[in-house]
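Working notes for the structure below.
The values are calculated or read from the model by the stated rules, or taken from the named source; none is laboratory data. A quick note: this is a predicted structure, and the numbers were derived from the prediction, not measured. Neighbour counts run over all protein chains shown; Cβ positions are idealised from the backbone, glycine included.
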Amino acid sequence: MSETRELADLLQELKERSGRSYTALASRTGLSRSSVHRYCQGLTVPASFGTVERIARVCGAGQGELDRLYLAWTRAEASAGAEARESAEGAAGADPEEVEPQQADSAARFTRLWPWPRPRLRTLLIAVIVAAAVVSTVTLDRRSDPGGAGGTGSGGTASGGTASGGTADRRSGQQIDGPYWALAPKRLDREFFGVTMNTDTGLMPGFDVGGVRFWESETRWAQVEPERGKFDWEILERSVRGAERKRLPVVFVFGGTPGWAAPGGPKTPYPDDSRAAPPDDLADWDRFVKAVATRYRSRIGAYELWDSVGATSHYDGKMSTLVEMVRRADRVIERADPDAKVACPSFGKLWEPEGRALLEEFVRSGGYEYCDAAALKLHPRRADGPPEDIIELAAKVEDVFRDHNVAHRVWNTGPGAEIDDGARLSDRRANDYAVRFYLVGLYLRKSNVDRMYFYSWGSRGVPLIVQPVGGEPTEAGRRIGRLHGWLADRRVASCGKGRGVGLPDGVFECVFRRGQDGEGPWSAVRWTQHGGPDGRLGRGAYLLRRMDGSSERVRPGERVEYGETPVLVEYRG
């Protein structure tokens with residue numbers, strides 16, 4: 001609920017500002033660590049404002065912040081209702097501030113399934129539930145070398161796992177999160193850290209990235225060729241030169257048919273005269289593709305052959321026509337610039353069955369025979385949703401490809417046409433989501449995800465702003481650059497999650513190796529989608545790097561709290 005989320009965000013921001021861990025806050029407030037964690041994550045609402053105030057004052061909140069917290073708490077309290085709280089609080093008469101979340105959840109599920117027995121038996125049953133919950137949550141980082149052969153230090157296999165990283169032992173029914181994948185250590189392609197540009201200025205990101213994609217950059221077909229045979233190269237040339245100065249590889253996106261080439265076609269949402277329909281005469285398409293690929297031979301490294309197929313505001317034509325356009329463009333580009341890569345049209349609306357049906361139609365029509373990569377719009381369900389939603393969506397798309405025996409590199413081009421411009425993220429969420437977008441891409445590497453293009457650079461009208469045109473990078477943008485720096489000289493070896501890779505439940509991990517042959521010291525980036533479980537560091541751990549640029553010395557066996565902000569753990573040997 002949005003009311004609960006508002007309260008949680010205010011508490012979490014105070015916690016991060018204070019620099020205190022959940023454990024430290026618990027010891028200073030008299031609450032359990034899990035209770036503080038639940039309130040800061042929005043999993044439950046405190047039964048009284050006094051609990052909120054205790055946490056806030058320990059974090060150094062002023063009177064104005066307390067007033068905001070009180071209003072947020074009253075809204076959350078009214079919205080949450082009494083029923084859910086009573087079922088958790090009523091478990092054995094326990095103090096709601098001190099019941100572990102797993103215990104409360106287990107008790108609540110039990111009451112929904114069965115009527116309560118007599119009091120003595122009820123107490124015994126609750127004790128069994130609580131004990132089982134406690135046992136199930138005890139986990140340590142027991143790994144010694146997860147980046148070696150097999151990819152884990154806990155007996156995982158390289159191909160184990162499902163789209164969400166889970167595997168099951170059919171004999172015992174035991175659920176194991178991960179490992180998701182493990183392969184021979186491989187250096188990341190530079191273009192993996194990409195951004196989609198949203199400016200015609202020629203300015204480039206002020207933080208470290210690996211490539212740029214030109215769309216929303218005033219370089220649509222209708223703008224480059226406003227009249228048949230008459231080209232205006234000014235904006236595209238300025239953008240290409242800007243990328244060249246920064247040594248950034250470029251993806252140029254074709255799309256936005258000029259009005260003169262499709263006079264009866266529906267207009268796009270852009271203020272120019274671009275149309276969502278294909279051109280009436282495909283010879284006009286051939287000539288435009290040839291003009292761009294010839295002029296920018298060896299300067300533009302890749303071409304994407306349409307944007308946001310699935311949104312009728314961007315493509316409103318037959319699929320057979322689109323496949324023919326792809327076939328012809330591939331032939332033209334191959335002749336004009338044999339070294340350039342070709343990405344098939346970027347399909348969107350993939351959360352919806354209708355969007356996946358269009359993708360399947362393109363697959364069945366043989367469109368991927370003419371491309372080096374599949375451009376897809378993999379994004380969370382909501383514009384302000386967590387990046388880990390992408391894992392579920394990628395699995396849906398992978399099913400489509402698998403059903404038709406299609407194997408292609410995937411370039412994730414972000415949300416595009418379906419972005420919710422009204423959504424906004426808090427600074428904390430923006431900082432975390434920006435870097436986790438790329439980490440989720442690494443987690444999906446076994447699903448052939450090869451590049452991630454963040455949407456978008458330069459815009460102020462998106463939920464997550466990384467740098468406004470002409471301004472300085474936001475903290476979210478700086479953290480993208482910091483993550484890029486962390487991984488620049490490393491080879492990715494594996495990614496997994498939870499107990500399957502020797503970590504607490506819910507902790508994601510990607511493991512990296514140094515050295516030309518991937519035999520050097522290893523490191524691991526770890527994060528969660530929700531919450532802050534902790535685990536003991538394994539053998540060889542010596543340094544913990546944080547996204548704010550700080551670092552601290554650590555020792556094997558030391559407990560580390562993982563959270564929604566990724567950390568990098570460095571290991572010796």
May I ask you to list the residues in region 211-227 that are surrounded by fewer than 19 Cβ atoms within 10 Å (Cβ to Cβ) and either among the small types (G, A, S) or closer than 19 Å to A276 by Cβ (or both)?
-> P226
Out of region 517-533, which residues are among the charged types (D, E, K, R) and within 13 Å of Y443 (Cβ to Cβ)?
-> R526
Evaluation of G385 against (1) closer than 30 Å to L14 by Cβ; (2) outside any loop (DSSP other than H, G, I, E, B) (one fails), failing number = (2)
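Among the residues of region 337-370 satisfying the criterion of being in contact with a Phe, Trp or Tyr (Cβ under 8 Å, 6 or more places away or on another chain) and among the small types (G, A, S), which is farthest from V400 (Cα to Cα)?
Taking region 337-370 and keeping what is in contact with a Phe, Trp or Tyr (Cβ under 8 Å, 6 or more places away or on another chain), we get 337, 340-347, 355, 358-359, 362-363, 368.
With among the small types (G, A, S) added as a condition, the list becomes 340, 343, 346, 355.
Numbers: A340: 27, A343: 18, S346: 15, G355: 11 Å.
Taking the candidates together, the pick is A340.
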Does region 11-29 include one or more residues that are over 31 Å from the mean Cα position of the chain (by Cα), in a helix (DSSP H, G or I), of a type in the set (D, E, K, R) and not assigned by TED's automatic domain parsing to the domain that holds D548?
-> yes
Of residues in region 519-546 being under 26 Å from L11 (Cβ atoms) and in a loop (DSSP other than H, G, I, E, B), the one modelled with the highest pLDDT | Q529
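Would you say A311 is at pLDDT below 95 and either surrounded by 17 or more Cβ atoms within 10 Å (Cβ to Cβ) or of a type outside the set (A, V, I, L, M, F, W, C) (or both)?
On the way: at pLDDT below 95: yes; either surrounded by 17 or more Cβ atoms within 10 Å (Cβ to Cβ) or of a type outside the set (A, V, I, L, M, F, W, C) (or both): yes.
Criteria met by A311.
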Matching entry among L425, L439 (being surrounded by fewer than 24 Cβ atoms within 10 Å (Cβ to Cβ), assigned to a loop (DSSP other than H, G, I, E, B) and in the same structural domain as G385 (by TED's automatic domain parsing)) = L425
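For T196, state whether it is at pLDDT 95 or above, in the same structural domain as A293 (by TED's automatic domain parsing), hydroxyl-bearing (S, T, Y) and outside any loop (DSSP other than H, G, I, E, B). Don't jump to the end; show me each part of the working.
Details: at pLDDT 95 or above: yes; in the same structural domain as A293 (by TED's automatic domain parsing): yes; hydroxyl-bearing (S, T, Y): yes; outside any loop (DSSP other than H, G, I, E, B): yes.
In short, yes.
Out of R247, R238, R275, report the one residue that is in the same structural domain as I300 (by TED's automatic domain parsing), free of Cβ contacts under 8 Å to residues at least 24 places away in the same chain, among the charged types (D, E, K, R) and farther than 18 Å from A293 by Cβ.
Values: R238 fails: free of Cβ contacts under 8 Å to residues at least 24 places away in the same chain; R275 fails: free of Cβ contacts under 8 Å to residues at least 24 places away in the same chain.
Within the list R247, R238, R275, the selection yields R247.
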Among (1) at pLDDT 95 or above; (2) in a loop (DSSP other than H, G, I, E, B); (3) under 22 Å from the mean Cα position of the chain (by Cα), which single condition is P179 missing?
-> (1)
